[in-house]
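> Pasting a structure below so you can have a look.
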Amino acid sequence: MLAWLVPSVLLAGEARGATLTVEDAVSRALERNGQVEAAEAGVRQARANLDQRRLAFGPGLTLSAGYTRLDQVPYVEFDASDFLGGGSSSSCDDISEDELPTGWTVEMAQDFCQMLTSWLAPPAGADTVTRIDMGVLDNYFVKATAEQVLFAGGAIRQGARAAREQLAGSEEQLRATRQEVAWQAEQAFYGLLAAREGARVAGESEETARALVRDIENLVEVGMASRADLLAAKAQASQARLQRLRAEQGAAIAERVLRVLVGLDEAEPLELVPLEPIDVLPLDERRLLDLALRNRPDLAALRHGEAALDHGARAAVGGWLPALVVQGNLNWRNPNYALEPVWYRSADLTLAASWALWDRGTSLEQARAARANRDQLAARRRAAEEMLEVEIARAVARVRAADEAWTVARDGEAQARASYEVEHDSFEAGMANRAELLAAQAALAAARMNVLQADTERRLARAALRKAVGLDPEVDR
């Protein structure tokens with residue numbers, strides 16, 4: 001790793017605040033990101049939907065109760081004289097043995113007739129019209145109903161399978177969201193790291209340019225340098241100062257982005273600890289492509305979506321088939337059958353079958369729509385898989401190019417530093433002019449920035465490769 005990179009980042013003055021590695025930045029971003037929270041809520045919703053579908057396999061239990069107050073009790077009326085032979089009981093004496101059922105005697109029939117007429121006969125002097133109430137004013141009921149679906153054409157089973165696939169798809173969408181947020185956090189971390197180092201390098205270049213201006217001013221005073229040399233050095237110092245200001249502004253913006261992602265207060269000092277990137281993946285395009293096809297969450301989410309829609313189409317067809325339901329009721333009512341104000345209990349059991357023979361084609365069209373959506377997702381998945389090979393090849397090429405560029409940049413920096421030291425020594429000895437020294441100084445500053453940019457690209461290229469393959473944020477960087 002660069003010898004000048006780590007110490008400069010670790011030095012943060014007297015105040016020490018949050019110290020972040022790239023793993024820390026990713027973890028904090030995942031904990032507070034709103035997109036991750038939304039995706040997690042989607043998983044909870046899908047899991048609740050699956051639980052709801054599973055509960056449809058079991059019985060349902062309903063408890064109901066009610067009270068009814070009648071404004072008038074229903075009743076029946078009849079004239080007792082029509083049954084008593086005009087008010088006398090002599091009709092009981094006219095019973096013939098031939099009219100009686102088997103086993104009955106005339107005496108038995110007469111006794112029963114006398115008992116019946118005495119019950120129907122009104123009191124002496126009262127109206128002969130008799131009224132029998134058929135209910136009471138206050139009525140209560142309590143009812144417990146248990147219902148079990150025995151057969152629903154497979155709609156319940158297919159609906160549960162569709163919900164299971166939807167849950168798996170939601171979990172894959174959560175993985176994709178977490179990977180995207182981790183990628184954003186890594187970009188912000190390395191972006192700030194590069195911006196801070198760029199500002200530091202620009203500051204050192206400005207200080208070197210200012211020191212050169214002071215040296216030339218001293219030489220001008222003793223007549224060993226010209227006014228033109230001094231103006232050229234001052235122009236170089238102004239350019240260096242402008243580059244520093246731009247670099248510091250970029251570092252401030254990059255720090256604000258990272259603070260928002262990881263949830264750090266503006267007043268809290270922030271230190272970054274760069275770590276050497278770890279190659280957790282082989283740069284074998286075929287192996288990486290196979291791994292991506294198995295591991296990419298977006299592809300997995302599409303596959304689960306296809307399966308869910310296929311089960312949804314089958315559930316729609318099953319909803320058209322006959323349904324068989326058994327229902328049992330346990331009833332408590334007041335008054336009882338004798339219209340007495342007491343509770344009585346009854347029970348019943350019903351086996352019901354229903355079949356919507358003609359639903360205007362609704363179930364068939366729902367199944368067709370689900371299959372069309374499934375085919376659409378399948379086409380999107382195949383297109384994504386076809387482009388995945390190109391994406392993997394591009395990511396691998398980026399890593400290789402970044403590694404090569406980093407090596408070249410380090411060699412270039414070493415050469416530029418050696419060249420600057422030679423020019424500086426020659427200038428001190430009076431063997432080189434100011435233009436050559438200024439050019440060497442600018443070349444060294446540019447070389448240092450090249451190393452910084454190459455190192456940042458090397459880290460980001462590996463992060464992009466992990467994202468292309470579909471590795472979760474918990475995998476070592």
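> Return the residues of the stretch 319-354 that are under 38 Å from the mean Cα position of the chain (by Cα) and part of a loop (DSSP other than H, G, I, E, B); say none if nothing qualifies.
Across the stretch 319-354, the qualifying residues are L321, P322.
> Would you confirm, using the coordinates I've provided, whether S363 is in a helix (DSSP H, G or I), closer than 24 Å to L219 by Cα and not hydrophobic (A, V, I, L, M, F, W, C)?
no
A quick yes/no check of all residues on (1) at negative phi; (2) charged (D, E, K, R); (3) at pLDDT below 95:
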position	(1), (2), (3)
W343	yes, no, yes
L351	yes, no, no
D359	yes, yes, yes
L364	yes, no, yes
R380	yes, yes, no
E389	yes, yes, yes
W406	yes, no, yes
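> Select, from L291, L283, L275, the only residue that is at pLDDT below 95, touching a Ser or Thr at 6+ places or on another chain (Cβ under 9 Å) and surrounded by fewer than 19 Cβ atoms within 10 Å (Cβ to Cβ).
Only one candidate passes the filter, namely L275.
> Right, something else. Looking only at the stretch 139-194, filter to residues that are in contact with a strand residue (DSSP E or B) (Cβ under 9 Å, 6 or more places away or on another chain) and under 27 Å from A308 (Cα atoms); which one of those is surrounded by the fewest Cβ atoms within 10 Å (Cβ to Cβ)?
Restricting to residues being in contact with a strand residue (DSSP E or B) (Cβ under 9 Å, 6 or more places away or on another chain) and under 27 Å from A308 (Cα atoms), the top hit is L150.
> How many residues does the stretch 363-397 contain that are surrounded by 13 or more Cβ atoms within 10 Å (Cβ to Cβ), under 30 Å from W320 (Cα atoms) and not charged (D, E, K, R)?
The number of residues fulfilling the criteria is 10.
> Oh, and also: Tell me, please, whether a residue that is surrounded by 17 or more Cβ atoms within 10 Å (Cβ to Cβ), out of contact with any Asp or Glu (no Cβ under 6 Å at 6 or more places or on another chain) and under 30 Å from A232 (Cβ atoms) can be found in the stretch 455-474.
Checking the stretch 455-474: not a single residue is surrounded by 17 or more Cβ atoms within 10 Å (Cβ to Cβ), out of contact with any Asp or Glu (no Cβ under 6 Å at 6 or more places or on another chain) and under 30 Å from A232 (Cβ atoms).
> May I ask you to verify whether A25 is at pLDDT 90 or above, closer than 21 Å to R161 by Cα and part of a helix (DSSP H, G or I)?
no
> Further question: Give me the pairs: first residue in the stretch 441-463 and more than 15 Å from A254 (Cβ to Cβ), second residue among the hydroxyl-bearing types (S, T, Y) and buried (at least 21 other Cβ atoms within 10 Å of the Cβ), beta-carbon distance under 6 Å, and six or more apart or on different chains, which are they?
Qualifying pairs under 6 Å: A445/S205.
> Hey, can you tell me all the residues within the stretch 337-362 that are of a type outside the set (S, T, Y), touching a Lys or Arg at 6+ places or on another chain (Cβ under 9 Å) and surrounded by 11 or more Cβ atoms within 10 Å (Cβ to Cβ)?
Selection gives W343 alone.
> Is one or more of the residues making up the stretch 446-453 part of a helix (DSSP H, G or I) and in contact with a Lys or Arg (Cβ under 7 Å, 6 or more places away or on another chain)?
Yes: one or more hits.
> Give the number of residues within the stretch 385-432 that are outside any helix (DSSP H, G or I) and of a type in the set (A, V, I, L, M).
Restricting attention to the stretch 385-432, the residues satisfying the condition of being outside any helix (DSSP H, G or I) are 429-432.
Narrowing the set further to residues that are of a type in the set (A, V, I, L, M) leaves 429, 431-432.
The total comes to 3.
> Kindly indicate which of A56, A109 is in contact with a Leu (Cβ under 6 Å, 6 or more places away or on another chain) and either β-branched (V, I, T) or modelled with pLDDT of 65 or more (or both).
A109
> I've got another one for you. Taking the conditions exactly as written (modelled with pLDDT under 90, touching a Phe, Trp or Tyr at 6+ places or on another chain (Cβ under 9 Å) and surrounded by 20 or more Cβ atoms within 10 Å (Cβ to Cβ)), does E197 satisfy them or not?
yes
The values are calculated or read from the model by the stated rules, or taken from the named source; none is laboratory data. Computed from a predicted structure; not experimentally measured. Every residue, glycine as well, gets a Cβ built from its backbone with ideal geometry; the counts of neighbours run over all protein chains shown.
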